[in-house]
Amino acid sequence: MAPIIKDPEQKKQYDLIVIGGGSGGMASARRAASYGAKVALLERDGYLGGTCVNVGCVPKKVMWNAASIAEAFHDAPGYCFEAAAPKLNWHQLKVKRDAYVKRLNGIYDNNLTKDHIDWFYGNGSFVDEHTIQVALPDGTSTTLQADRILVATGGHAIGPSIPGADLAIDSDGFFELPEQPKRVVVVGTGYIGIELAGIFHALGSDVTVVSRTQYILRKFDDTIRLNLMDEMKRVGVNFAVDAQVKSLAKQADGAIAVTLTSHDQDQVIEADTVLWAVGRGPNTAGLNLDKVGIQLDAKKQIVVDKYQATSVPHIFALGDVCGNYELTPVAIAAGRKLMDRLYGGEKFKNSRLEYENIPTVIFSHPTSGTIGLTEDEAVAQYGQGNIKAYTSKFINLYYGVLDHKQYTAYKVIVTGPEEKVVGVHLFGKGSDEILQGFGVAIRMGATMDDFRNVVAIHPTAAEELVTMR
């Protein structure tokens with residue numbers, strides 16, 4: 001439980017104050033405490049784990065698992081299983097999922113207690129460079145001081161300013177849905193929108209994805225974005241491309257009328273749920289960062305150097321609030337390396353996270369994975385004549401006896417006469433689990449010959465990566 005402050009006016013002195021109890025803040029606080037630092041952690045929402053544990057990676061993966069089971073049931077007759085079509089109890093799944101998340105909140109709480117970290121439920125804001133005021137839920141406040149302060153407050157979903165915008169939900173609202181909507185419009189084609197659209201569809205909702213362009217996942221390699229969009233269309237996901245949402249309006253029957261505009265033409269489609277997945281912003285409001293001179297960029301994200309230091313030397317920031325690789329494992333790794341450097345002694349004096357060759361997975365249907373440069377990025381960095389792309393596109397053996405076929409597509413990008421691997425892009429069943437090991441190889445500087453010198457594991461999809469010519 002969060003501590004009860006008996007004397008709100010008493011100043012408490014710490015070696016480190018961490019503002020934000022998400023994955024990055026938790027990892028940082030615990031690593032610092034392991035070196036003997038006296039640490040305080042602040043969390044405004046009253047439960048620990050941040051976006052990932054509560055309204056992100058963890059509950060999303062539970063829903064993805066459910067969607068994958070639904071797909072397996074769909075494939076079962078092709079493997080000669082005779083069974084009635086299953087029916088999902090969305091409400092009961094939500095109850096079980098929420099209970100699991102609550103257990104994780106408790107584990108995080110216990111970990112802080114075991115590590116002798118004080119954590120406070122309240123809003124923190126800067127008084128000066130070493131002092132944080134914590135506004136507590138009961139209306140009182142307490143003041144904390146520290147030699148160093150870390151801001152790890154994360155981010156939040158944002159939506160457009162259009163008529164009726166508040167009729168839609170965002171990714172947080174997805175986890176509040178008590179029942180499964182029959183008709184869903186997902187606005188946005190980043191990984192969050194594509195993942196949630198895939199979950200909705202696999203579980204039986206009629207889904208339309210709205211894209212401002214003709215593509216999805218614009219930051220990813222064509223191997224992923226083109227093949228995934230083709231597969232989503234093949235299984236029945238609808239796309240409205242080159243389109244923007246003009247307005248939302250509630251209908252008499254409770255439906256939401258979504259007015260789209262594309263090439264100066266308006267179209268109206270109806271939905272039970274509209275979900276914004278158009279971007280995220282940093283949680284910097286209310287921190288009084290300007291009071292201590294912490295620099296922000298145009299998106300209100302905290303500007304940090306390669307060692308996570310802000311414009312104020314003893315104040316640090318990491319994770320989504322900085323906007324660089326908004327991924328949970330990145331924030332955790334950055335936090336641990338930062339605390340190693342600050343409190344771990346001489347051998348960690350140069351410890352920092354290198355923000356390159358970071359593996360990333362999209363829990364789409366099927367999954368996709370990427371590490372390193374896209375082909376376009378490799379051309380820009382090395383020149384067209386200095387790179388080569390090895391590709392393979394095939395039908396996974398899983399679909400060999402099924403009537404419907406799903407492609408798997410891989411691309412390995414290399415550069416130089418030694419053919420050093422600078423990018424790997426995977427689309428297809430199992431890509432999420434395949435990527436991690438190849439991420440290790442790329443971090444170690446693997447070449448294409450290193451890949452080929454590994455004996456293939458047969459029959460697997462991954463063997464294609466070590467047999468490419």
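Taking a 24 Å limit on the Cα-Cα distance, which of the listed pairs LYS219/LYS411; LYS182/LYS246; LYS12/LYS102; LYS233/LYS393; LYS60/LYS429 fall beyond it? Working shown, then result.
Working: LYS219/LYS411 16 Å; LYS182/LYS246 22 Å; LYS12/LYS102 29 Å; LYS233/LYS393 18 Å; LYS60/LYS429 18 Å.
As for pairs spanning more than 24 Å Cα to Cα, those are LYS12/LYS102.
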Notebook entry, point to check: Using the beta-carbon distance between ALA285 and HIS314 and R0 = 30 Å, what value does 1/(1 + (r/R0)^6) give for FRET efficiency, to the nearest 0.05?
Noted result: 0.85
Notebook entry, point to check: Under the definition of Cα pairs under 8 Å and six or more residues apart, what whole-number percent is the relative contact order of the chain?
Noted result: 15 percent
Next item on the list: Might you work out the accessible area of HIS314 for me, using a 1.4 Å probe with all protein chains in place, and round it to the nearest 10 Å²?
Entry: 40 Å²
Next item on the list: Sum -39500 (n - 2.57) across every DSSP H segment of at least 4 residues in the chain, then divide by the residue count to get the 222 nm mean residue ellipticity, nearest 500.
Entry: -9000 deg cm²/dmol
Note to self: Rounded to the nearest 5, what % of DSSP beta bridges with both residues in the chain are antiparallel?
What the structure shows: 60 percent
Next item on the list: Would you work out the charge dipole size for the chain about its Cα centre, treating the Cβ of every Lys and Arg as +1 and the Cβ of every Asp and Glu as -1, and quote it to the nearest 20 debye?
Entry: 720 debye
Notebook entry, point to check: Can you list, largest first and rounded to whole Å, the semi-axes you get for segment 233-340 by taking the square root of 5 times each eigenvalue of its Cα gyration tensor?
Noted result: 41, 17, 13
Check: In percent, how large is the relative contact order of segment 160-277, given Cα pairs closer than 8 Å and 6 or more residues apart?
Finding: 35 percent
Notebook entry, point to check: What nm distance separates the two modelled labels at LYS420 and ALA83, each placed 7 Å from Cα along Cα→Cβ?
Noted result: 4.9 nm
Check: For segment 265-275, what does the Karplus curve 6.51 cos²θ - 1.76 cosθ + 1.60, with θ = phi - 60°, yield as ³J(HN,Hα) per residue in whole Hz, taken in order and with x for Gly and Pro?
Finding: 10, 9, 9, 10, 10, 9, 9, 8, 9, 10, 10
Next item on the list: With label points built 7 Å along Cα→Cβ from the Cα atoms of ALA380 and ASP253, find their separation and express it in nm.
Entry: 4.7 nm
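Can you give the convex hull volume of the alpha carbon atoms of segment 35-168 per residue, in Å³?
Values: hull volume 28.1 nm³, N = 134.
Taking only Cα atoms, segment 35-168 has a hull volume of 210 Å³ per residue.
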Next item on the list: Have a look at the DSSP beta bridges in segment 160-277 and tell me what percent are antiparallel, nearest 5.
Entry: 50 percent
Next item on the list: Could you list which residues have their amide H under 5 Å from that of SER141, counting only those 5 or more apart in sequence or on another chain, with H placed in the peptide plane?
Entry: LEU136
Notebook entry, point to check: Per the Debye formula with a single identical scatterer at each Cα and no solvent contribution, what log10 I(q)/I(0) holds for segment 397-458 at q = 0.13, 0.20, 0.22, 0.29 Å⁻¹?
Noted result: -0.43, -0.86, -0.97, -1.32
Note to self: What number comes out for accessible area per residue over the chain if the probe is 1.4 Å? Units Å², please.
What the structure shows: 49 Å²
Note to self: Ratio of alpha-carbon Rg to the 2.2 N^0.38 Å globular estimate for segment 360-466, to two decimals, please.
What the structure shows: 1.08
Check: Using a 1.4 angstrom probe with every protein chain in place, what is the largest-first accessible-area order of CYS80, CYS322, CYS57?
Finding: CYS80, CYS57, CYS322
Note to self: Taking 8 Å as the Cα distance limit and 6 or more residues as the minimum spacing, I'd like the relative contact order of segment 360-466 as a percentage.
What the structure shows: 29 percent
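Kindly provide the Kirkwood hydrodynamic radius of segment 155-253 in Å, to one decimal, from all pairs of distinct alpha carbon atoms. Present the calculation step by step, with values, prior to reporting the outcome.
Values: mean 1/r = 0.0697 Å⁻¹.
One over the average 1/r among Cα pairs gives 14.3 Å for segment 155-253.
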Checklist line | Virtual spin-label span in nm between VAL95 and LYS114, 7 Å along Cα→Cβ | finding: 3.1 nm
Checklist line | J(HN,Hα) series, segment 385-399, from Karplus relation 6.51 cos²θ - 1.76 cosθ + 1.60, nearest Hz, glycine and proline x | finding: x, 10, 10, 9, 10, 8, 10, 8, 9, 7, 9, 4, 4, 3, 8
Notebook entry, point to check: In whole Hz, what ³J(HN,Hα) sequence does segment 151-158 give by Karplus (6.51, -1.76, 1.60; θ = phi - 60°), x for Gly and Pro?
Noted result: 9, 9, 8, x, x, 8, 5, 10
Margin query: Give me, ordered by chain and number, the residues 5 or more places off LEU41 or on other chains with an amide H under 5 Å from its own placed amide H.
Written below: VAL18, ASP118, TRP119, PHE120
Check: Are there cysteines in the chain with no other Cys C-beta under 4.7 Å, and if so, which?
Finding: CYS80, CYS322
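The values are calculated or read from the model by the stated rules, or taken from the named source; none is laboratory data. Quantities reported herein were computed from a predicted structural model and do not represent experimental measurements. Please note: Cβ atoms are built from the backbone with ideal geometry, for glycine as well, and neighbour counts cover all protein chains shown. Please note that ligands, DNA and RNA were not included when accessible areas were found on the heavy atoms of the full protein model with its side chains. Shrake-Rupley method; radii C 1.70, N 1.55, O 1.52, S 1.80 Å.
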